[in-house]
Amino acid sequence: MFFERTAVASATVPLAIAGVLLGTPSPAAAIECTELTNPVFFPATTLLESLLAEVAPVLADEAQVGEDQMTIVHVPLSSCISYDIHRQQMPLTGTGIYYLPDGTQETCDMPVVGDVLSDLSAMDVGGVTCLGGEQPAAELVEYPSHVETLGFVVPRNSTQTAITATEAYYLMKFGGEPEREVAPWTNPDFVFIRNPGSSTQLTIGANIGISGTQWNGALRGHQGSGDVRDAIIAENATGNAETVIGILNSSKWEAALNDLRVLAFQPFNNCFGAIFPDSTSTSRDKLNVRDGHYPIWTNLRYIVRTDAAGATVSANGDVAAARAQRFIDLMTGVDSIEALGVAEAVIGTGNIPTCAMHVAREVDGGPMASFDHPAPCDCFFLESNGVASGCAECSTDDECGEGSCRLGYCESR
């Protein structure tokens with residue numbers, strides 16, 4: 001069933017391609033990014049696009065957030081490329097994406113004269129993973145945030161329901177060479193992946209025993225998760241659906257459930273068999289992620305640069321540094337403002353706020369340990385996903401006995 005191939009992708013991500021990926025100034029953009037109100041320059045994983053579409057318009061609206069008003073200028077890139085741009089303070093070029101208070105997405109041009117550097121970045125893997133096991137410099141600080149679920153997906157017209165870690169290892173390492181095949185995914189032209197700097201690829205690689213930087217060069221790489229999704233969906237109409245497989249995160253597959261399906265996954269050395277991220281193939285409770293049975297998940301990390309005293313710094317000045325730290329505090333739940341429902345936005349984009357998690361890990365693909373969030377939100381998470389929690393609705397703690405009223409539901413503590 002499984003057999004071998006030798007060609008592999010490059011083991012490193014060449015930093016020189018970062019400028020190419022950022023592109024050239026768009027003639028359609030009507031404003032320079034530096035002219036925006038309170039800009040936050042933010043090269044970050046493409047997987048943040050859905051979440052930023054929810055929160056960035058609120059943060060841009062002074063009427064809602066007052067002195068917290070800021071314009072998030074997102075430069076969407078693969079995780080490790082975003083990380084390297086911030087880590088090495090490479091100038092931002094090309095176009096950025098931002099949102100108006102009414103939710104309209106716009107683009108801006110980075111200035112041709114004068115360098116603009118990043119205030120922070122975000123990625124879906126740790127710096128250790130991007131650096132191939134090397135510890136990041138002490139001045140680079142990571143703030144773990146919500147949990148993103150990843151996995152293998154197939155077109156809706158495929159009959160496949162599961163994949164094992166061993167099958168995935170052979171598929172991604174050897175790409176379908178005769179005598180090293182993984183049926184029915186024997187043609188590398190129909191194995192849709194990302195690239196060696198993608199957090200999706202790196203996270204999945206950490207769970208199948210072969211780094212995402214070493215996947216077979218014959219597989220069909222794509223720059224964005226949306227490109228992978230669209231390529232998979234297109235195969236529903238070609239007669240090739242049974243031979244197609246790809247990698248995505250849950251925010252992408254849950255937005256296209258009429259066209260594709262996630263496969264159950266069987267990790268190495270387990271006695272549970274293949275497991276869906278959710279308790280069933282059709283539910284949205286992420287139960288098996290939240291309790292540690294489904295292993296392909298990662299934390300989003302926000303990354304800043306700090307000084308010797310541990311304070312956040314930015315090449316764009318102290319005000320920019322303070323603004324970047326405020327953004328992180330709001331997005332990670334350290335602080336909150338009434339107008340900005342971060343937990344709701346995280347759930348709405350198919351991800352899991354940490355308040356609904358019961359396991360945690362320090363290393364991508366590493367062992368998991370029990371985790372008790374100080375302010376759990378299991379009831380809210382389930383109800384927001386259309387799953388009956390059995391929890392009473394509430395408005396005050398007095399209605400919850402020994403529990404706590406949180407986000408409208410009585411949590412156990």
Pull out the extension gain between Ala308 and Glu344, defined as 0.36 nm times the separation in residues minus the alpha carbon to alpha carbon distance; nm, one decimal.
9.4 nm
Sort the following peptides by mean Cβ neighbour count (other Cβ atoms within 10 Å, averaged over residues), highest first: 204-216, 181-193.
204-216, 181-193
What's the FRET efficiency of Asn269 with Ser336 using the Cβ-Cβ distance as r and R₀ = 45 Å, to the nearest 0.05?
0.65
Could you order the peptides 38-46, 320-328 from most to least packed, using the average number of other C-beta atoms within 10 Å per residue?
38-46, 320-328
Separation between the Asp102 and Ala369 pseudo-spin-labels, each 7 Å from Cα along Cα→Cβ, expressed in nm?
5.0 nm
Using 0.36 nm per residue of separation minus the Cα-Cα distance, give me the extension gain between Arg413 and Thr159 in nm, one decimal.
87.2 nm
What distance in nm separates the simple spin-label points at Arg220 and Thr396, each placed 7 Å from Cα in the Cβ direction?
5.9 nm
Considering only DSSP states other than H, G, I, E and B, which GluC sites (Glu not before Pro) in region 127-157 qualify as loop sites with at most 11 other Cβ atoms within 10 Å?
Glu134
Estimated inter-spin distance, Asp329 and Thr280, nm [label 7 Å along Cα→Cβ]:
4.4 nm
Do any cysteines in the chain lack another Cys Cβ under 4.7 Å, and if so which?
Cys271
With a Förster distance of 30 angstrom and the Cβ-Cβ distance between Asp230 and Ala322, calculated FRET efficiency to the nearest 0.05 equals 0.15
Candidates Met70, Met368, Met123; GNM for the chain (alpha-carbon contacts under 10 Å) flags as most fluctuating Met368
Within a Cβ distance under 14 Å of Leu202, other residues only, what is the Lys/Arg minus Asp/Glu net charge?
-2
Which value in deg cm²/dmol, rounded to the nearest 500, describes the helix-derived mean residue ellipticity at 222 nm for the chain, given -39,500 (n - 2.57) per DSSP H run of n ≥ 4 and division by the residue count?
-6500 deg cm²/dmol
Taking region 261-389 and dividing mean pair separation by its residue count, relative contact order in percent (alpha carbons under 8 Å, at least six apart):
18 percent
Just the number, please: carbon plus sulfur as a percent of the accessible area of the chain, 1.4 Å probe, no ligands or DNA/RNA counted.
50 percent
What shape does region 212-252 take by its C-alpha gyration tensor, where a ≥ b ≥ c are the square roots of the eigenvalues and a/c under 1.5 counts as rounded, a/b above b/c as prolate, and the rest as oblate?
oblate
Tell me the label only: which of [x] 71, 59, 50; [y] 79, 56, 40; [z] 62, 61, 43 is Cα extents along the principal axes in Å as calculated from this structure?
[z]
Note on region 150-226: contact order normalised by length, alpha-carbon pairs under 8 Å, 6 or more apart, percent, works out to 31 percent
Suppose a student asked you for the relative contact order of the chain, using Cα pairs under 8 Å spaced at least 6 residues apart; what percent would you report?
19 percent
Residue-normalised accessible area of the chain, expressed per residue, 1.4 Å probe, Å²
41 Å²
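The values are calculated or read from the model by the stated rules, or taken from the named source; none is laboratory data. Everything quoted here is computed from the prediction, not taken from an experiment. Positions of Cβ are generated from backbone atoms using ideal geometry, with glycine treated the same way; all protein chains shown enter the neighbour counts. The protein model used for the area step is the full one, side chains on, heavy atoms only, and it has no ligands, DNA or RNA in it. Shrake-Rupley method; radii C 1.70, N 1.55, O 1.52, S 1.80 Å.
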